[in-house]
Amino acid sequence: MGNELDFSKIEKKWQQRWEKTRIFEAEPDGKKKFFFTTPYPYISGSLHVGHGRAVSESDIFCRYLRMKGYNVLYPMAFHITGTPVLGISAAIKAGDTEKINLYEEYVGAYVTSKDKVKKIVKSFANPQKIVDFFIPRMMEEYKQLGLSVDWRRQFTSGDMEHQQMVSWQFEQYRKKGYLIKERYPVLYCPDDESAMGEDDIQDADSEPVEKIEFTLLKFSFGKKFLVAATLRPETVFGQTNLWINPEVSYIEAEVGEEIWIMSEEGYEKLRYQRSDIKKIGYLKESLLGKKALAPMIHRELMILPSRFVDADVGTGIVTSVPSDAPYDYVALRELQRLSAEQKKKIGFTLSQIEDIEEIEVIPIITTAKYGDKAAVKVVETTQVITQDDPRLEKLTQEVYKEGYHAGTLNENCEAYEGMLVKEAKEKMKHIMLAKHEAAIMYEPSRKAVSRSGGKIIVALLDNQWFIDFNAPGWKEKAAECLQKTKLLPERTRAQFIDTFAWLDKRPCARKRGLGTPFPFDTNWIIESLSDSTLYMTLYTINHLIRKNKLKREQLSTVFFDYVYAGKGAMKEVAKKTKIKEPVLLELRKSFEYWMPVDQRHTFTLHLPNHLSFMLFAFASIFPENYWPRAISFHGLVVSEGSKMSKSKGNVITLLDIKKKYGADVFRFYLTNSTNIEGTFDWRESEAQNAKATIERVYATLQEAATMRKKGAVRPLFISRFNSILKNAGEKLSQMKLREYTAAAIFDMLRLVKDAKLVMEKKELYAFYYLIGNSWVRLIAPVCPHTAEEVWSIFGKNGFVSLASWPEHDEGQIDMKLEQAEHAVDTTVTDILHVLALVKEKQRKNPEKVYVYVLPHEYDTYSAKILTKRVGMSVEVYAVNDPKKHDPTGKAGKARPGKPGIYVE
RNA sequence: GCAGGAGUAGCGAAGUGGUCAAACGCGAGGGACUCAAGAUCCCUUCCCUUAGUGGGUUCAGAGGUUCGAAUCCUCUCUCCUGCACCA
């Protein structure tokens, strides 16, 4: 048909009108305010439906609140701080073709000329250019969803206004003693000379890299020490020998007063973990066959050769515990099985060969699953023969896991007998550390390289700044804040409580990245989750800062003390900041008017980090009346059943939405297909259905707008209509968006359908008159563009976005009537059933249907309606009621004394 | 491993002590309309039975509490998510 709905045209039209008339620019007024926020997006490419979900759900709710008479502030900003933007920039600068292609694709979505695309991407070598390019486009994409955002207040986390605010926040933290400095291990790249986050490491998103703590066991070797790295200090009682790799070059290094022996690679890593280490030179003597004194157990252990020892894992020296380490057991057995001749060839003396033969496995840990020599057991059952067998890796993990969780130390472990492995591990480690028989070394959990190919190691940073969530009093305050915050759904509270308990010290500054300089140590940048805990407060004043062209230096501590905390005399503040008093007053008033945040709508994944930090921040910086009032959560977005990812090609961007469906369809489909906490699965085919549904709504409303005429409508439909209004409103007020759209769209469509079925034209038009105007307003939150368009067809002035919410009329709701209708409905269905059967069996059309009902139900049934609905003559009687019981006796055979349907 | 969450019809899900074979949407099948397709409308869609309104077995599995449980308790299994400097 020619009049197919062109959503994009309608949407564009209304978006422009909203913008032009500035109806969503909120300013303090006499109405009750509602300050609604949702997290700002990080710029790393196009916005997709995941971003679309948070803002659309928020927008629907904001639009509802606006129609309910609230003065709603719904702002938005952009997150640019941290390392990713910098990483992108660096990669492009370095000529990383993968990144360049990716970004050419992103930019290509907006810019057609290929040359221009290349040029733009090239300019991304400057990170600011990335920000400058994407932000206006992201704003455009958000606008295309029809968001009722006050864009005047927009900023990025890199803007000076935000930086000044964050600096002020950290000054408060410092005053309260929430910032501390400590040593801290980080993933580090010596080539790049900087700490590495997940984004900086190759494949770290799919195979995460962790920091692992090794215990360095110190074996006395003359006056020197051989240091062996182990993850299992609790197994020292099972040690039988030491492993080195004859292929590896070992070095000697001065460590404090001592001399340590280790692989060169080990030294290179340890260098970044302790300042007291210094290389002397290559080890001159041979270690093979010699003995060293083991820590803790103080036994002499022989140094033996192996192939599995990797110079680049730990120190390149490994202690051997054949009872619980499959590698050790296999390597030991391999060695023992060599003929005396072969051993001689390696360089062992006769007595050494004897000693080697005599080495026996010492059982130390007992588990129900593997008995007391786990490694021996798994090696025997899998028949692993050589230390090169790849299965050993897995066996090691299995044995380790079982031992750790279910193992107990046995009688060979002296004082530790009977202790759980879990406990013994910590205890023995600490004792050895205390006796200087051991030290600590950190390693990445896997071999990893940075994006530029440099090796990743662990470095200990000496002066890392932390936010100390365990600072006295803070957790209590945060808990109080949490307790006063309304949570949607409420069950997330348990997770918050759990997270609060777990929060300890969080490094809050980095050496690299975009962001706010750490106020007390400008070599550092405030880490990007720590700088985004109070940013929503800036919405309350940012447009005024801009309007009055305030400069960075004016937004000083004094400024925020006054505007954010009401501290200081205005006169003084004006003098110090060189801001005029009325301006200051306006800023302060604006802040006071909009605060607190009434609701924050976010992704559940943000709970353990962003939202928890946010509550801590608010609890510490602001008095109780400025604490956030409510937090609501939305679920994940996936596409065609699986997680969205570029490699799968199933990322649905907001540009796609615009091209294929339009905002209203997206908003409706999104909210109607899952409840707010659920996972939203974008499915192309269902999106198409959603589109058809909205087209139907539009067509119906259009018909209603043109045909409607005042008149009488039967009470049942008035009642049903009001029930829908009531239900939809109640659900929406609780942010149950799915139920709301189900009522506003599907229930209403059904109601219209039913009306068309039973009403004559005159009544139908009156029915249109009844519902039209309210129905448009009912759908306005979810489908604002469609609603505006219809609103104009109705000949209404102004925007439906600013119209009042269609309240139901309780007095018009007659539940009895609706129930009766429902009863009739099921009866009709039953009659049709029976008729179908009758037709089949008797092969002739029956004459008449008799319905027998219980006396109290009698008034419910109208023979006339039934007749009409069924399409043949229906008579209704009540059973066992002399008055209503088949008075004519013409109903044929005697009826049983129970209700039923009979056809003749 | 720790923590949080989830497991209901082909699918998405609603239902949190009785009114539940289970709303609503999608999908599937049948029918009406149509030259046809689409749209729309009607019916069916756990199993059995049937001139219908009947019966049976169900809500991951196993126990338990209760007159009564998908809903409360215990255990088990499976899946998802998070576990810190990373946005």
I'm trying to understand the selection: among the residues of the range A:659-677, which are open to solvent by 10 Å² or more (accessible area, probe 1.4 Å) and acidic (Asp, Glu)?
A:GLU677
Within the range A:164-233, considering only strands (runs of 3 or more DSSP E) that don't extend past its boundaries, which have at least 3 residues that are more than 14 Å from RNA strand B (Cβ to nearest atom), modelled with pLDDT of 85 or more and touching a strand residue (DSSP E or B) at 6+ places or on another chain (Cβ under 8 Å)?
A:211-221, A:224-230
Does A:ILE541 qualify as being of a type in the set (A, V, I, L, M) and either out of contact with any Gly (no Cβ under 8 Å at 6 or more places or on another chain) or away from RNA strand B (no atom under 16 Å from the Cβ) (or both)?
yes
When you go through A:ILE652, A:ILE631 one by one, which is the residue that is open to solvent by less than 10 Å² (accessible area, probe 1.4 Å) and in contact (Cβ under 8 Å) with a residue 12 or more places away in the chain?
A:ILE631
Residue check: is A:PHE7 at pLDDT 95 or above and open to solvent by less than 50 Å² (accessible area, probe 1.4 Å)?
no
When the range A:469-503 is examined, which residues are found to be of a type in the set (D, E, K, R) and under 24 Å from the mean Cα position of the chain (by Cα)?
A:LYS475, A:LYS484, A:LYS486, A:GLU490, A:ARG491, A:ARG493, A:ASP498
Can you tell me which residue in the range A:526-543 is nearest to A:GLU592 (Cα to Cα), limited to those that are in contact with a Ser or Thr (Cβ under 7 Å, 6 or more places away or on another chain) and not in a loop (DSSP other than H, G, I, E, B)?
A:MET536
Give the residues of the range A:677-722 that are over 25 Å from A:LEU817 (Cβ atoms) and assigned to a loop (DSSP other than H, G, I, E, B), sorted by residue number.
A:GLU677, A:GLY678, A:THR679, A:ARG683
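For (1) open to solvent by 50 Å² or more (accessible area, probe 1.4 Å); (2) touching a Phe, Trp or Tyr at 6+ places or on another chain (Cβ under 8 Å); (3) within 16 Å of RNA strand B (Cβ to nearest atom); (4) farther than 25 Å from A:VAL637 by Cα, each residue gets a yes or a no:
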{"position": "A:LYS32", "(1), (2), (3), (4)": "yes, yes, no, yes"}
{"position": "A:SER46", "(1), (2), (3), (4)": "no, yes, yes, no"}
{"position": "A:ARG53", "(1), (2), (3), (4)": "no, yes, yes, no"}
{"position": "A:GLU57", "(1), (2), (3), (4)": "no, no, yes, no"}
{"position": "A:MET67", "(1), (2), (3), (4)": "no, yes, no, yes"}
{"position": "A:TYR74", "(1), (2), (3), (4)": "no, yes, no, no"}
{"position": "A:GLU98", "(1), (2), (3), (4)": "yes, no, no, yes"}
Can you find a residue in the range A:487-500 that is within 12 Å of RNA strand B (Cβ to nearest atom) and under 24 Å from A:THR315 (Cβ atoms)?
no
Taking the conditions exactly as written (surrounded by fewer than 16 Cβ atoms within 10 Å (Cβ to Cβ), in contact with a helix residue (DSSP H, G or I) (Cβ under 8 Å, 6 or more places away or on another chain) and either closer than 16 Å to A:LEU231 by Cα or without any contact (Cβ under 8 Å) to a residue 40 or more places away in the chain (or both)), does A:LYS279 satisfy them or not?
yes
Return yes when A:PHE591 is aromatic (Phe, Trp, Tyr) and within 16 Å of RNA strand B (Cβ to nearest atom) and no when it is not.
no
If we keep only residues of the range A:76-94 that are open to solvent by 40 Å² or more (accessible area, probe 1.4 Å) and of a type in the set (Gly, Ala, Ser), then the residue nearest to A:ILE23 (Cα to Cα) is A:ALA90
When only residues in the range A:321-360 that are in contact with a helix residue (DSSP H, G or I) (Cβ under 6 Å, 6 or more places away or on another chain) and outside any helix (DSSP H, G or I) count, which is surrounded by the most Cβ atoms within 10 Å (Cβ to Cβ)?
A:ASP324
Whether any residue in the range A:505-524 is more than 9 Å from RNA strand B (Cβ to nearest atom) and free of Cβ contacts under 8 Å to residues at least 40 places away in the same chain is what I want to check.
yes
Would you check which residues across the range A:427-445 are in contact with a helix residue (DSSP H, G or I) (Cβ under 7 Å, 6 or more places away or on another chain), under 14 Å from A:VAL227 (Cβ atoms) and in a helix (DSSP H, G or I) and list them?
A:MET432
Scope the range A:492-525; condition assigned to a loop (DSSP other than H, G, I, E, B) and among the hydroxyl-bearing types (Ser, Thr, Tyr); matching residues:
A:THR516, A:THR522
Does any residue of the range A:720-741 turn out to be of a type in the set (Asp, Glu) and at pLDDT 85 or above?
yes
Any chance A:ARG552 is in contact with a Leu (Cβ under 7 Å, 6 or more places away or on another chain) and open to solvent by 50 Å² or more (accessible area, probe 1.4 Å):
no
Out of (1) within 46 Å of the chain's Cα centre (by Cα); (2) more than 24 Å from A:LYS343 (Cα to Cα); (3) open to solvent by 10 Å² or more (accessible area, probe 1.4 Å), what's the single condition that is false for A:VAL318?
(2)
Taking the range A:367-414 and the residues there that are of a type in the set (Ser, Thr, Tyr) and open to solvent by 60 Å² or more (accessible area, probe 1.4 Å), the one that is farthest from RNA strand B (Cβ to nearest atom) would be A:THR381
Cross-chain or 6+ apart pairs with Cβ under 6 Å, the range A:234-259 first and surrounded by 23 or more Cβ atoms within 10 Å (Cβ to Cβ), then in a helix (DSSP H, G or I) and not hydroxyl-bearing (Ser, Thr, Tyr):
A:GLU234/A:VAL421; A:GLU234/A:ALA424; A:GLU234/A:LYS425; A:GLU234/A:MET428; A:PHE237/A:ASN412; A:PHE237/A:CYS413
Pick from the range A:458-489, criterion polar (S, T, N, Q) and open to solvent by less than 50 Å² (accessible area, probe 1.4 Å), ranking: nearest to A:ALA619 (Cα to Cα)
A:THR485
Condition first: aromatic (Phe, Trp, Tyr), under 40 Å from the mean Cα position of the chain (by Cα) and assigned to a helix (DSSP H, G or I). Can you find one or more residues in the range A:405-426 that meet it?
no
Looking at the range A:774-794, which of the residues that are free of Cβ contacts under 8 Å to residues at least 24 places away in the same chain and over 35 Å from the mean Cα position of the chain (by Cα) is farthest from A:ASN71 (Cα to Cα)?
A:SER792
For the range A:526-548, the count of residues that are open to solvent by 10 Å² or more (accessible area, probe 1.4 Å) and modelled with pLDDT of 95 or more equals 4
Scan the range A:149-168 and give yes if some residue there is in contact (Cβ under 8 Å) with a residue 60 or more places away in the chain, of a type in the set (Asp, Glu) and open to solvent by 30 Å² or more (accessible area, probe 1.4 Å), otherwise no.
no
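The values are calculated or read from the model by the stated rules, or taken from the named source; none is laboratory data. What you see is a predicted model, and the numbers here were worked out from it, not measured in a lab. So basically every Cβ, Gly included, is an ideal-geometry build from the backbone, and we count neighbours across all protein chains shown. For the accessible areas, the whole protein counts, side chains as well, though only heavy atoms, and no ligand, DNA or RNA atoms are used. Shrake-Rupley method; radii C 1.70, N 1.55, O 1.52, S 1.80 Å.
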